[in-house]
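Asker: Have a look at this one.
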Amino acid sequence: MQDTRDHELGMDRRITRRDFLNGVAVSLGGLAASTYLTGCVRHGLADSTSAANNPQNDPPAAAGLRGDAVGSFEPAHELRDGTFWQNAGGAAPTDSTYDFIVVGAGISGLAAAHFFRKQAGPGARILILDNHDDFGGHAQRKEFRVGKRTLLSYGAQSIESPSLFGAESKGLLTDLGIDVQKFYRYYDQNLYPSMKLGSGMFFDRETFGEDRLVAGFGAIPHHEFFAKAPLSEKARRDIVRLYTETVDYLSGLTREQKEAVLKKTSYADFLTKIAKCSPEVVPVFQTRSHDLFGVGIDAVSCATLYEEGDDYGYGYPGLDAMLGSSGGRGNHKPDPYIFHFPDGNASVARLLVRSFIPDALAGHTMEDVVTAQADYSRLDRPDAAVRVRLSSTVVGVHHRGDPASAREVEVFYTQNRRLFRVRGRLCVLACYNSMIPYLCPELPAKQKEALAYGVRAPLLYSHVAIRNWTAFHKLGVFQIAAPGSYHVYAAIDFPVSMGEYHCPSRPDEPMVAFMVRTPCQPGLSQREQHRLGRVELYDVTFETLERNIRDQLARMLGPGGFNPAEDIEGITVGRWAHGYAYSPNSLFDPDFAEDELPNVVGRKPFGRLAIANSDAGAIAYLDTAINEAYRAVQELSRYRGS
Ligand SMILES: Cc1cc2nc3c(=O)[nH]c(=O)nc-3n(C[C@H](O)[C@H](O)[C@H](O)COP(=O)(O)OP(=O)(O)OC[C@H]3O[C@@H](n4cnc5c(N)ncnc54)[C@H](O)[C@@H]3O)c2cc1C
């Protein structure tokens, strides 16, 4: 049966994908004490150039599993498990010295290099190291070829709420020539509405008893929409009541008392215990919070949901009358969600790299960067002031001598199973916080504990190149919430055209569909859910992912004529095992005093080391990554000239 179904789904079709060996199962071991320094000194180590130094190398065009793909994480896991140094080989020492070394070529690491260069001048020698085969971290570019057409997709999606950005992040965008106002022209906010395409919900048979796509969420009255859903009469009435009645369920309490209650109440509990809805209502909303928090409504407080909202416009009904107006990004977002380059925030990363190494990415504008082909062979050239070295996992960082008086740090990294050493006057760690204790055992114990506290949310961003989008068109949807399905959300691409890039605007044109899954285990704390979700991500095979993608698209879009065997041209799955930065959760975490917050304790500078990355701000946004880079570079400025 499996074979017949697989054939119908098109599992045997040749498409743009790259199968991969299953990832290594992840153990949940705690911090193991590392004896790596003795290991480094014993082995004697050398500098290298980038593994990516091959002109044919074109990571964005690679299909199949991207993000934390096989080959990017193994040394880090060996370091965690305490086995890395036993197996590390030796190499002849050469002592390349840089003014500034950055660990991590995500937005924060690249921004740190930008801010350092602004201070130190364009001649400053900078080395940026990253374990992936591409730069940008989460902001990773993906490309598909469908016929003669190149379609772009993304990791980190959009510049969100830029009018809330602070001076540093606004300034960086300006330095790069990004004028966010232009997106009002580039993003065709009218395209899908003009075709009467709106929001739908897919109710799957495993959760709701039958497969049914209901279109028109928000466009038709809620009672009409939910009348079509496979739910009991009571559940329908409850949901419609939540959306249409303005009830202050906590009317006897002051605003402060309400906030205190709602900080400690999950939205799942709110639905059944405060708003007294039928338990059948919970699965309709259970995964709505996945895309923003990586966990379901059992693990996110009402106060947080109210503050942060939901990017796709389905909302969390019932909270408004209790909380009134809020200043957060969510319900009162000042900007529309339109600040999207066709490759997402990869364009920000690419503009940063272009500013350091102009001949790696031809062009001069925020428009031409979209279609510019990066020359990866130019990223790490011996004669360049800034070098970006990919496929290089940093495994150790320490001061040469007493951190209080040392004049250099030493950084050890591994590339293709060989170990290398470089030295730097200053170093910014823009990698995950949870990695840093393994890299820097010399940090104070309290700081290492704080760095290990947060657990990043695991996510799958699946992109599927489809031959056309007539099924979406026929069904009247451009986005679908799928609360019980493997991927909990699916949509056709953002309608953005800029420079030479033109988004598909006719349903018979090829398109990229986006699907998101954040694996988690309802009922546990957010950090535990993330840990277990990560295990799932490392265990799942690409074959399983592909089958799930094909099956889900067939079930959601089949009534519109979608045929997965015929219509899928390519699949690329971005696996982000260490995804969104962790923000403390009022349901599970202590009410930390401001100066005791794990990210605040964890980001303290230590000698010539400073800590950037969105983890340092405990918020998973572009501007946080930039602001934390700025702070880290400022903290090191006292060493200028020494
Ligand atoms: C799927 C997804 C979608 C997102 N969408 C958005 C969005 O639409 N808008 C938004 O504002 N934010 C979004 N974010 C949040 C995003 O995390 C931040 O905006 C920002 O890109 C984070 O940058 P960073 O440099 O702090 O971290 P990262 O992007 O994680 O970069 C850190 C880099 O350091 C590398 N590294 C780690 N350890 C080592 C080591 N030992 N040696 C070498 N390198 C190492 C990592 O592999 C990574 O490449 C999204 C995140 C994810 C995962």
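Asker: For region 266-275, give me each residue that is out of contact with any strand residue (DSSP E or B) (no Cβ under 8 Å at 6 or more places or on another chain), open to solvent by less than 30 Å² (accessible area, probe 1.4 Å) and not in a loop (DSSP other than H, G, I, E, B).
Answerer: Within region 266-275, ALA268, PHE270, LEU271 qualify.
Asker: Right, another one. Collect the residues in region 425-444 that are in a strand (DSSP E or B), over 12 Å from ARG603 (Cα atoms) and within 14 Å of the ligand (Cβ to nearest atom), keeping them in residue-number order.
Answerer: CYS427 - this is the single residue of region 425-444 that is in a strand (DSSP E or B), over 12 Å from ARG603 (Cα atoms) and within 14 Å of the ligand (Cβ to nearest atom).
Asker: In contact (Cβ under 8 Å) with a residue 24 or more places away in the chain, among the aliphatic types (A, V, I, L, M) and part of a strand (DSSP E or B): is that true of VAL601 in this structure? Quick ask: steps written out before the conclusion?
Answerer: Values: in contact (Cβ under 8 Å) with a residue 24 or more places away in the chain: yes; among the aliphatic types (A, V, I, L, M): yes; part of a strand (DSSP E or B): no.
No; evaluated as a whole, the condition is false for this residue.
Asker: Out of all the residues in region 96-131, which are of a type in the set (D, E, K, R) and either in contact (Cβ under 8 Å) with a residue 60 or more places away in the chain or buried (at least 23 other Cβ atoms within 10 Å of the Cβ) (or both)? Reasoning before the result, please.
Answerer: Here is the first cut: in region 96-131, the residues of a type in the set (D, E, K, R) are 99, 117-118, 125, 130.
Correct list: ASP99, ARG117, ARG125, ASP130.
Asker: Which residues, counting only those in region 572-597, are over 20 Å from LEU262 (Cα atoms) and away from the ligand (no atom under 16 Å from the Cβ)?
Answerer: If the condition is that a residue be over 20 Å from LEU262 (Cα atoms) and away from the ligand (no atom under 16 Å from the Cβ), then GLU594, ASP595, GLU596, LEU597 are the ones that fit.
Asker: Hey, another quick one. If I go through region 475-520 residue by residue, how many of them are part of a loop (DSSP other than H, G, I, E, B) and over 28 Å from GLY147 (Cβ atoms)? Step through it out loud before you land on a result.
Answerer: Of region 475-520, the ones part of a loop (DSSP other than H, G, I, E, B) are 476, 482-488, 493-495, 497, 499-500, 502-510, 518-520.
Then drop every residue that is not over 28 Å from GLY147 (Cβ atoms), which leaves 482-486, 488, 518-520.
Final tally of qualifying residues: 9.
Yes/no matrix, rows are residues, columns are (1) over 22 Å from the mean Cα position of the chain (by Cα); (2) basic (Lys, Arg); (3) more than 16 Å from the ligand (Cβ to nearest atom):
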| site | (1), (2), (3) |
| --- | --- |
| LEU79 | yes, no, no |
| GLN86 | yes, no, yes |
| ALA105 | no, no, no |
| SER108 | no, no, no |
| ALA120 | yes, no, yes |
| ILE128 | no, no, no |
| ARG149 | yes, yes, yes |
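Asker: Here is a list: PRO358, PRO382. Which entry is on the phi < 0 side of the Ramachandran plot, open to solvent by 50 Å² or more (accessible area, probe 1.4 Å) and at pLDDT below 95?
Answerer: PRO382
Asker: In region 438-489, how many are without any contact (Cβ under 8 Å) to a residue 60 or more places away in the chain and within 23 Å of ASP343 (Cα to Cα)?
Answerer: Here the count works out to 1.
Asker: Let me ask something else about it. Take the residues of region 376-423 that are of a type in the set (Asp, Glu) and part of a loop (DSSP other than H, G, I, E, B): which is farthest from SER108 (Cα to Cα)?
Answerer: ASP402
Asker: Let me ask something else about it. Let me confirm something: among GLN373, GLN415, which residue is under 22 Å from GLY137 (Cα atoms) and either within 16 Å of the ligand (Cβ to nearest atom) or hydrophobic (A, V, I, L, M, F, W, C) (or both)?
Answerer: GLN415
Asker: Whether any residue in region 569-578 is within 21 Å of MET11 (Cβ to Cβ), part of a strand (DSSP E or B) and more than 19 Å from the chain's Cα centre (by Cα) is what I want to check.
Answerer: yes
Asker: Need the failing condition index for ARG575 against (1) of a type in the set (Lys, Arg); (2) open to solvent by 10 Å² or more (accessible area, probe 1.4 Å); (3) in contact (Cβ under 8 Å) with a residue 40 or more places away in the chain, just the number.
Answerer: For ARG575, the failing item is (2).
Asker: Criterion first (under 24 Å from HIS290 (Cβ atoms), open to solvent by 40 Å² or more (accessible area, probe 1.4 Å) and free of Cβ contacts under 8 Å to residues at least 40 places away in the same chain) does LYS263 satisfy it?
Answerer: Values: under 24 Å from HIS290 (Cβ atoms): yes; open to solvent by 40 Å² or more (accessible area, probe 1.4 Å): yes; free of Cβ contacts under 8 Å to residues at least 40 places away in the same chain: no.
Criteria not met by LYS263.
Asker: Between GLY523, GLY533, GLY558, which is in a helix (DSSP H, G or I), open to solvent by 10 Å² or more (accessible area, probe 1.4 Å), within 21 Å of GLU206 (Cβ to Cβ) and not aromatic (Phe, Trp, Tyr)?
Answerer: Among GLY523, GLY533, GLY558, only GLY558 is in a helix (DSSP H, G or I), open to solvent by 10 Å² or more (accessible area, probe 1.4 Å), within 21 Å of GLU206 (Cβ to Cβ) and not aromatic (Phe, Trp, Tyr).
Asker: What do you reckon, is LEU622 more than 12 Å from the ligand (Cβ to nearest atom) and either without any contact (Cβ under 8 Å) to a residue 12 or more places away in the chain or not hydroxyl-bearing (Ser, Thr, Tyr) (or both)?
Answerer: no
Asker: When you scan region 139-252 for helices (runs of 4 or more DSSP H) that lie fully inside it, which ones turn up with 2 or more residues that are touching a residue at least 12 places away in the same chain (Cβ under 8 Å) and open to solvent by 50 Å² or more (accessible area, probe 1.4 Å)?
Answerer: Working: elements: 167-175, 183-186, 191-194, 205-208, 222-227, 233-244.
Counting at least 2 such residues, we get 167-175, 205-208, 233-244.
The values are calculated or read from the model by the stated rules, or taken from the named source; none is laboratory data. What you see is a predicted model, and the numbers here were worked out from it, not measured in a lab. Glycine also receives a Cβ, built like all others from the backbone with ideal geometry; neighbour counts cover every protein chain displayed. Remember, those area values only see protein heavy atoms, side chains included, never the ligands or the DNA or RNA. Shrake-Rupley method; radii C 1.70, N 1.55, O 1.52, S 1.80 Å.
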